[in-house]
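See below for the structure under consideration.
Please treat every number below as a calculation from the coordinates, not as lab data. None of these values were measured; they are calculated from a predicted model. Neighbour counts are summed over all protein chains in view; Cβ atoms, including those assigned to glycine, are modelled from backbone coordinates with ideal geometry.
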Amino acid sequence: MTADQSFAAAYDDGVGRLSGAVEAAIPDGGAPRTLLAAGLRAGLDFLASDPPLANLLLVEALAASSSARLAHERSLDRLAAALQASVGVTGGASPGDERARLLAGGLVSHVTSCVLAGEAELLPESRDLLLGFLLEVGSSP
Amino acid sequence: MTPSEQPCAAGREGRFGEGALAGLPAELALSRLPAGRHGLPRSFVAGNQRLRIFAALLRLLPEHGYAALTIGHITRGAGVSRAAFYQQFAGKEDCFLAALDVASRWLCERVEAAVEGLEDWEARVRAAAAAALTLLGANPLVGHLLAVEAPRAGGAARERQQLLLDRFAAALRAGHPGREDLPDEMADLLLGGVVTMLARYVRSGRAETLPEATEALVGFLLIPYLSGEEPGATLA
């Protein structure tokens, strides 16, 4: 297995576990805002619990091969689609494709900055800020 | 940096931004100088070589990426010797950071010029976004340097990129008419989204269409500052 293949396998595995943690944390029912908050909390907690994995998923993916970068972009697309659906579900206007991608980019950029600063363990403290950002920008018409 | 280090915003076809070369025609400033005695001042030769190195760096980054790009690639692309390269830069990172500084200053100066004289905050945001997207759409290699390579070129490059973003974030916050309770980090989050969008357009070869995204981008930047109520207040 080449270094690129090893990285791709580790990346896919990490993204799969992150997605699984988020999906498992979202209850079947409840106030829409609560559902979004639960998913966000689970994602941040997951990354905070494993800073090396957070670094791999968010930092090393930027410097990796073009195929790994494509995988990272697909992850961003999935996040954008999930945000588009979630924010719409919260009762606000569902953001358009471009705005959903901008939201996903802002979210990931903030988390990446925290990881780069060696503050992955502190990510859960950003939850209210990020939730406010997603609702503020995502749910406006 | 010297005045002759004005950004050389090369496009894929070797295009350069207007006014980028401190009064020198691009064809002259960037052309390879004749070998041997040519009677040109040493400072001109050095400036010419530096510009050609920047141009080569910009042109080669999308092909190789920062990590795989070598000084040999750059010197061959610029048509300069290794000795000439090392007279200008301590190494690849030094060269990259210098190019990043030039490109950042180039973008800032032009965006700030676009909003000069505008008093209304919203009009300033609109003008700045339109100017930035137009500039980067016309100079995709600069967009690639700033949005794609800077985050992956090491800590110093990321710090430089962050300084640029901080400058735009401060401008976005300054004098906004929105709620006083908006956190300062809101502008950082918004600009993080913008950089990700720029990187996507540039990497996918759609940089030229960036100006078409101006309305979506402006809407994204304005929303938190122009909306009147607490986020999701009615959704709990």
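For a quick check: sort B:F220, B:F89 by the number of other beta carbons within 10 angstrom, fewest at the front.
B:F89, B:F220
Between A:S66 and A:A10, what length comes free when the chain is fully extended (0.36 nm per residue of separation minus the Cα-Cα distance, one decimal in nm)?
Details: separation 56, 0.36 × 56 = 20.16 nm, distance 1.56 nm.
In short, 18.6 nm is gained.
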**OP:** Check every DSSP H run in chain A and write down those whose alpha carbon atoms cover 27 angstrom or more along the long axis and whose mean Kyte-Doolittle hydropathy is -1.0 or greater.
**Re:** A:3-25, A:66-89, A:97-116
**OP:** State the answer as a single residue: which of A:L40, A:G29, A:S113 lies farthest towards the positive end of the charge dipole of chain A, with beta carbon charges of +1 for Lys and Arg and -1 for Asp and Glu, about the Cα centre.
**Re:** A:G29
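On alpha-carbon atoms, Rg over Rh for the stretch B:100-226 using Kirkwood Rh?
Computed over Cα atoms, the ratio is 0.94.
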Subject >> Spin-label model distance (nm) - B:A90 vs B:E109, 7 Å beyond Cα toward Cβ >> reply: 2.5
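Sorted from fewest to most neighbouring beta carbons within 10 Å, what does the list B:R152, B:R42, A:R17 look like?
Numbers: B:R152 18, B:R42 7, A:R17 14.
Ascending number of Cβ neighbours within 10 Å: B:R42, A:R17, B:R152.
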